[in-house]
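The values are calculated or read from the model by the stated rules, or taken from the named source; none is laboratory data. If you're wondering where the values come from, they're calculated on a predicted model, not measured in any experiment. Note: ideal-geometry Cβ built from the backbone for every residue, glycine included; neighbour counts use all protein chains shown.
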Amino acid sequence: MDDFEFAEALTHGNMGGYYQRHHLVWRGDLFLGSWRESENFILEMDGKAIGVLRITQEGDSLHIRDVQIAEGYRRLGAGTYLLDMSHQWARERGLRELQLRVFVDNPAARLYQRKGYKLAGPRLAQLGAIRHLARRV
């Protein structure tokens, strides 16, 4: 919980525009509940917190709940590093796939596609502003 305030502020700050554009409401109570159920990691550079990774394991899948990088530290490889670490952890745990969701207008979707994520089968998220992506481990 020591890192919760940083993680929520970064996530809300990064995602706020998407929530507005897609007529969604940020709910801090839901983020807190998700935080408590997730494995949460803070990425640091030179002792400064610059990113957040949140994952959950469900069956034989590792779900990436959040990859958030602070403004000024994007496009330096931090997001790629967090995705690569997630893949490594999934492999070490003997899981078969990784999953994540992304807003259709989020430029990070291009990174996910380069890392092998593809549109998952029919899911509720496919119907709106969010796409469900998956890749094999």
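Worth a mention:
- For segment 44-91, filtering for residues that are over 17 Å from Phe31 (Cα atoms), of a type in the set (A, V, I, L, M, F, W, C) and in contact with an Asp or Glu (Cβ under 8 Å, 6 or more places away or on another chain) leaves 4.
- Listed conditions (1) assigned to a strand (DSSP E or B); (2) over 12 Å from the mean Cα position of the chain (by Cα); (3) not basic (Lys, Arg) are all met by Ile64, apart from (2).
- Across segment 1-47, the qualifying residues are those that are among the charged types (D, E, K, R) and within 18 Å of Ile130 (Cα to Cα), and the one among them that is modelled with the highest pLDDT is Arg27.
- First in segment 1-29 and among the hydroxyl-bearing types (Ser, Thr, Tyr), second anywhere and surrounded by fewer than 12 Cβ atoms within 10 Å (Cβ to Cβ) and not in a helix (DSSP H, G or I), Cβ under 9 Å, 6 or more apart: Tyr18/Asp105; Tyr19/Val25
- Pick from segment 40-81, criterion surrounded by 12 or more Cβ atoms within 10 Å (Cβ to Cβ) and small (Gly, Ala, Ser), ranking: farthest from Arg110 (Cα to Cα): Ala49
- Residues within segment 86-98 that are without any contact (Cβ under 8 Å) to a residue 40 or more places away in the chain and either under 22 Å from Arg36 (Cα atoms) or in a loop (DSSP other than H, G, I, E, B) (or both), tallied: 5
- Residues that are surrounded by 11 or more Cβ atoms within 10 Å (Cβ to Cβ), assigned to a helix (DSSP H, G or I) and over 13 Å from the mean Cα position of the chain (by Cα), drawn from segment 9-36: Ala9, Gly13, Gly16, Gly17, Tyr18, Tyr19, Gln20, Arg21, Leu32, Gly33
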